[in-house]
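What follows is a single structure, written as C-alpha cells, with notes after it.
The values are calculated or read from the model by the stated rules, or taken from the named source; none is laboratory data. All figures in this text were calculated on a predicted structure; none of them were measured in a lab. Here the Cβ positions follow ideal geometry from the backbone for every residue, glycine too, while neighbour counts run over all protein chains shown. In case anyone asks, the SASA skips ligands and DNA or RNA and just uses the protein heavy atoms, side chains included. Shrake-Rupley method; radii C 1.70, N 1.55, O 1.52, S 1.80 Å.
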Amino acid sequence: MASASRIDLLDPYEVAQLGGLEIVAEGVVEGFLAGLHRSPFRGFSVEFAEHRPYEAGDELRYVDWRMLARSDKLFVKQYEEETNLRSMIVLDASASMDWSGAERRLSKLDYAKRLTAALALVFLRQRDATGFIGFDEEVRSRVPARARRQQWWTLLRAVHNLPAGHGTAAADALRRVTGMLRRRGLVVFISDMLFDRDLALLAMQYLRHRGHQVLVFHVMDPAELFLEGPPEARFEDLETGDLISVRPRDLRVAYNETVRRAIDAWRTQCRRSGIAYHHVLTDAPFGYVLRRATARRARLG
Amino acid sequence: MIGFLQPLALLGLLAASIPPILHLLARRLPPVVPFPAVRYLSETERRQSRRLKLRNLLLLLLRTFLIALIALAASRPIARAPWGGSHEPSAVAVVLDNSLSSGAVVDGRRVLDVLVDQGRHVFDRASDEDRVWLVLADGLPRQVSLPEARSVLDTLSPWPVRLNLSAAVRAVSGAMRDDPSPAHEVVVLSDLQATAFASGSDRDAPADRRVLAWAPPTLELNRGVDSVRVQPAVWSPAGEVIASLGGSDPSPTAVRLTVTDRDIARSVGGRDDRVVLAGSMAQSGWFVATVKLDPDELRVDDTRTLAIRSAPPGAAAADPGAGAFLVEALEVLRQSGRIRDGRGLLFSDQIGLGVSVVFPPEDPALIGALNRGLSGRGIPWQFGPVVEGEWQVSGDVGPAVGSDVYRRRRLEGDGVVLGTAGDEPWIVREGNVVLVGSRMEVGWTALPVDAAFVPFLDFMVNRIGAAPSWIVPAFPGEVREVPAAARSLAVHGTPVPIPGDRRVVAPVERGVYFLEDVDGDTIGAIEVNHDPRETDLQQAPSRIVESTFGGDVQLLSAEGLDRELFRGARRADLAGALLILALLVAVAEFGLSSAGGAARREP
C-alpha cells in the first residue's frame with residue numbers, strides 16, 4: 001500500500017517516534033513527494049525543458065495544445081527546475097509553544113520544529129535559498145538563507161538546538177526579525193499566535209510592504225480549541241504565570257466561540273493583507289501542511 | 001390556609017440552607033492547570049462574567065428552591081382549593097324534606113326516594129371528620145354520625161307534616177354556629193314547595209350559612225282535602241260533613257264520607273269547592289269517619305279523618321215562667337224532631353233538680369229565693385241587680401253570638417263563662433246548671449224575635465244540655481290544649497294521661513284520638529290530619545328561596561350540587577404539584593448548569 005510507506009500522512013506523534021528531526025523530515029518529504037503525480041518543482045520555472053507523453057494525473061494546463069493540433073497526440077511540456085526564491089522560516093519558540101494537550105501528542109514546538117525541517121528540505125530541494133530564525137522574547141537563533149547542499153543540515157542543527165523560551169515579547173522580536181529580512185522572498189511564519197494580533201499583523205504587513213510573500217502557519221493544539229479540565233480549575237498562563245479561575249463547563253461554548261472568532265480574525269485580516277494563513281492542528285499529518293505550503297509556493301512561481 | 005400531613009418533614013427545609021452554606025463556607029482552591037491559551041480564556045471570562053454571575057446566582061437559588069420544594073412535598077401540604085378532591089373537616093347540615101308532599105310519585109318514583117338518594121350522595125361525599133347535622137320534616141336539627149345518618153335515610157318515609165324550610169334552615173344554622181369547623185354548609189334537599197317557606201311576619205332573618213338547595217321534579221297537578229267540619233256537632237242522628245277541597249287540579253273528583261269502611265255519603269267536587277256530605281248514624285256514640293277523594297299521585301292528602309258524635313235528640317221542657325217565646329220555640333224543635341219531649345233539660349226561672357237552664361224570674365221578689373236555691377246546690381253563681389243598656393252576646397253560645405241584649409241581671413260569682421254581654425258574664429255554667437242573665441223576652445234581648453233563636457235553643461239542648469264534647473283539630477306532632485275535663489288520650493286503645501297544663505302533643509300518626517274524662521267516658525277527640533298547605537305542590541320562585549335563605553344560597557342541579565358541595569372547604573394535596581414543580585426546577589437547574597458545555601464548533 002502506498003499510504004503505508006507515506007509517513008507524511010501518519011499521525012505526527014507516531015512519525016516523531018521514528019527518529020530525529022532529519023529522519024522525520026526526510027521521510028515526510030519523500031513520502032510527500034512520492035504522493036505527487038508530478039514534481040512540485042517542475043512546472044513552476046520559466047525555462048522549457050522537453051515534451052513527454054501525457055499521463056493520467058498531469059495537469060491540463062501543461063498540455064501542449066499546438067502539438068495536439070499537429071500530431072493529434074497529447075504531450076505535456078516540462079520545464080527546467082530553477083530557483084530564484086529566498087525562503088525564510090521564522091519559528092516562534094515561546095513558552096506557550098512548549099505545550100501539549102495530550103500525552104501522545106507532540107507539543108506545538110516539537111510539531112513546529114519538524115514542520116520547519118520538512119519545509120526547509122522541500123525548499124532546498126527546489127534550490128531555494130532557505131534560512132531560519134527562531135525567536136521568543138528575542139531572536140534566539142538565526143541561519144541566513146542559502147541554497148547550498150549543507151544548508152539543510154545547518155538549519156536542522158539550529159532548529160534542533162532551539163530551546164523553548166519563557167515568554168513572548170512578540171512585538172520587539174518581530175521588529176528585529178523584519179529588520180533581518182532585507183532581500184525579498186518568502187517568509188514562513190510558524191507560531192501559535194498567542195500575542196497581540198495587531199502588532200503581529202503590523203509586522204507582517206511591513207514584510208508585505210517590503211515585497212515579501214508571507215505564509216503563516218497558526219499552530220494550535222486541539223486541546224486549545226475546546227476548554228476541558230476539572231469542574232473548577234485555575235488556568236495558568238505559561239508565559240506570564242497569570243492564574244484565572246473558571247469552571248470549564250461554564251465557559252466551554254463561549255471559549256470555543258472566542259477561539260473560533262480569533263482564528264477567523266487572523267484568517268480575515270491576513271487575507272486582507274495578502275498574507276497566506278493556515279490554521280494547523282498538531283495532530284494534522286505533516287503531508288497536509290506541506291501540500292498547502294507547496295501550493296502557495298507554486299503560486300509564487 | 002395550608003396544613004401539613006407530615007409536619008415533621010418540614011425540618012427538611014433546613015437542608016435548603018446547604019447550597020448557600022456550601023457556597024459561602026466550603027470554597028476551596030481549585031487545582032492549577034497549565035494552559036497556553038489563557039489569552040482566549042481571559043477574554044471569554046471577561047465577556048461572560050456578568051452572565052456567569054447571574055447564572056450562578058440563579059443556580060444557587062434553583063438548588064435552594066429545589067431542596068425546599070422536596071422538603072415541602074415530603075411534609076404533604078394541603079391547601080384549600082376549589083379543584084381539590086378532598087375537603088377540610090366541615091360542618092354540613094342536610095335538610096331532607098320528608099314532609100307529606102315528598103310522598104308524591106313523579107315519573108313512577110316517589111319524590112322522597114329521589115331526595116334520599118341525593119342525601120346518600122351527600123353523605124358519601126362527607127368524611128368521618130365532618131360534623132353532620134340532619135334535619136327532617138319535624139324541623140329539629142340532630143347532630144349525627146355518618147352511619148347514623150345513612151341508617152335514618154334507609155328507613156325514612158314521608159311524614160304527614162309540613163316542614164317550614166326557612167325555620168329549619170335557620171334552626172340548623174343556629175345549631176352549627178358554635179361549631180369550630182372552618183366551613184359550614186347547609187344542603188337543602190326538598191321539593192321546595194312555596195308553602196314550605198314562611199311568609200310575612202313568620203319570616204325571620206335569613207340563615208347566615210352557605211345554602212345549597214336542590215329540588216327534584218314535582219307534580220304539576222294535585223288535589224287534597226283541606227279541611228272538614230261536622231255540622232251539627234252532635235248528629236241526632238243526621239248531620240253533615242262539609243269538606244273543603246284544595247290543590248291545583250281543577251278537574252272534579254268523587255268525594256266520599258266513610259264510616260267504618262262504609263260510605264255513608266257521596267258527592268262530587270273540585271278545587272276550592274265546599275262539598276256537603278249529608279248522612280246519618282244508626283247508632284249513638286263516637287265514630288271515626290274519613291272524607292276521601294279519588295286517589296292521585298299524592299295519596300296522603302286525599303283523605304282526612306274526623307270524629308262524628310251521634311246521639312238521640314235531647315229531651316227538653318220549659319216552665320211557664322221561662323217565657324212564652326221559649327215555650328213556642330221548643331215546640332218548633334220538638335215538632336222538627338230536634339228535641340224529644342221530656343225533662344232532660346228544663347228551661348225555668350227556678351232551680352230544679354236535674355239539668356237546668358235558669359233565667360232570672362220576672363218578679364224581683366223571687367230573686368232571693370232563687371239565689372238561695374243556687375247556693376243550696378253549691379252553684380257559685382248568683383243573680384245580681386238588673387242593668388240596662390245595649391250589648392252584644394259573644395262567646396261559646398252558638399247561634400246567639402252577636403244578638404243584642406238590652407237588659408240583664410248581673411251574674412256574680414266565679415266559674416265557667418260560656419257567653420258574655422258587655423264583657424260581663426251572660427251565660428255561665430256550673431255542673432249541669434246553666435244560668436242566663438236575661439229573660440228570653442223582647443224587653444230583655446232581641447234574641448226571641450231573631451232567626452237565631454230556635455237554633456240557639458237547639459244548641460242549648462243538644463250541646464250545652466247534652467254531655468259535653470270537644471273536637472280538637474291538630475297536625476301531627478302539634479301541641480294543642482285540651483279541655484280541663486279531659487284526663488287521658490286514647491292512643492291505639494291505650495289511655496295516655498294528660499299532663500296538668502292540658503297541653504298535649506298530637507300523635508304523629510294521622511287519625512282520631514279520643515279524649516276521656518275521669519270516668520273514662522269520651523268527651524271529645526283530637527283529629528290529627530295533614531297540613532293542607534302540603535297539598536299545594538307549586539315550587540317557590542327562586543327569589544323567594546334566595547330571600548329566605550339569604551344571599552349565599554344556590555339553587556342547583558344535581559351536577560351543580562355535586563360540584564358545589566364542600567367547595568368552600570375543598571383542599572388539594574399539594575405534594576404532587578410540588579414534586580412536579582421540583583422536577584421542573586431540577587430540569588431548569590440541569591439545563592442551566594449544563595449550558596455552555598454542549599455545543600462544539602470546529603474553527
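Annotations
- Checklist (1) at pLDDT 90 or above; (2) open to solvent by 50 Å² or more (accessible area, probe 1.4 Å) applied to B:Val132, failing item: (2)
- Filtered residues of segment B:415-456 (kept if more than 24 Å from B:Asn371 (Cα to Cα) and open to solvent by less than 50 Å² (accessible area, probe 1.4 Å)): B:Ala446, B:Leu447, B:Pro448, B:Ala452, B:Phe453, B:Val454, B:Phe456
Listed here are the residues, each with its yes/no results for (1) touching a Ser or Thr at 6+ places or on another chain (Cβ under 9 Å); (2) open to solvent by less than 40 Å² (accessible area, probe 1.4 Å); (3) over 30 Å from B:Glu148 (Cβ atoms); (4) modelled with pLDDT of 90 or more.
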| residue | (1), (2), (3), (4) |
| --- | --- |
| B:Phe4 | yes, no, yes, no |
| B:Arg47 | yes, no, yes, no |
| B:Ala71 | no, yes, yes, no |
| B:Gly84 | no, yes, no, no |
| B:Pro89 | yes, no, no, no |
| B:Leu96 | yes, yes, no, yes |
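- The residue pairs whose first member lies in segment A:92-114 and is among the aromatic types (Phe, Trp, Tyr), whose second member is outside any loop (DSSP other than H, G, I, E, B), and whose beta carbons are closer than 6 Å, counting only pairs six or more residues apart or on different chains, are A:Tyr111/A:Pro12.
- Subset of segment B:500-521 [at pLDDT below 90 and either surrounded by fewer than 12 Cβ atoms within 10 Å (Cβ to Cβ) or within 21 Å of B:Val416 (Cβ to Cβ) (or both)]: B:Gly500, B:Asp501, B:Arg502, B:Asp517, B:Val518, B:Asp519, B:Gly520, B:Asp521
- Some residue of segment A:168-181 being buried (at least 22 other Cβ atoms within 10 Å of the Cβ), within 14 Å of another protein chain (Cβ to nearest Cβ), part of a loop (DSSP other than H, G, I, E, B) and hydroxyl-bearing (Ser, Thr, Tyr): yes
- Candidate set: segment A:238-269, residues that are open to solvent by 50 Å² or more (accessible area, probe 1.4 Å) and in contact (Cβ under 8 Å) with a residue 12 or more places away in the chain; chosen: the one farthest from the other protein chains (Cβ to nearest Cβ): A:Gln269
- Note on segment A:224-239: residues that are farther than 13 Å from B:Ser42 by Cα and of a type outside the set (Gly, Ala, Ser) amount to 9.
- Residue tally, condition at the interface with chain B (Cβ under 9 Å from one of its Cβ atoms), part of a helix (DSSP H, G or I) and open to solvent by less than 10 Å² (accessible area, probe 1.4 Å), over segment A:200-237: 2
- Residues of segment A:103-144 that turn out to be within 16 Å of A:Met180 (Cβ to Cβ) and either touching a Leu at 6+ places or on another chain (Cβ under 9 Å) or crowded, with 24+ Cβ neighbours inside 10 Å (or both), as a count: 11
- Of all the residues in segment B:49-69, those that are within 14 Å of chain A (Cβ to nearest Cβ), open to solvent by 70 Å² or more (accessible area, probe 1.4 Å) and either of a type outside the set (A, V, I, L, M) or not in a helix (DSSP H, G or I) (or both) number 3.
- Listed by position, the strands (runs of 3 or more DSSP E) enclosed by segment B:375-466 that each have at least 1 residues that are over 20 Å from B:Ala317 (Cβ atoms) are B:381-395, B:404-413, B:416-421, B:424-430.
- Look at (1) under 30 Å from A:Ala223 (Cβ atoms); (2) assigned to a helix (DSSP H, G or I); (3) of a type in the set (D, E, K, R) and you find that B:Arg28 fails only one, number (2).
- Scan of segment B:210-224 for residues that are under 22 Å from B:Arg567 (Cα atoms) and open to solvent by 10 Å² or more (accessible area, probe 1.4 Å), ordered by number: B:Arg210, B:Trp214, B:Ala215
- Residue match in segment B:281-293 (condition: touching a Pro at 6+ places or on another chain (Cβ under 8 Å) and open to solvent by less than 60 Å² (accessible area, probe 1.4 Å)): yes
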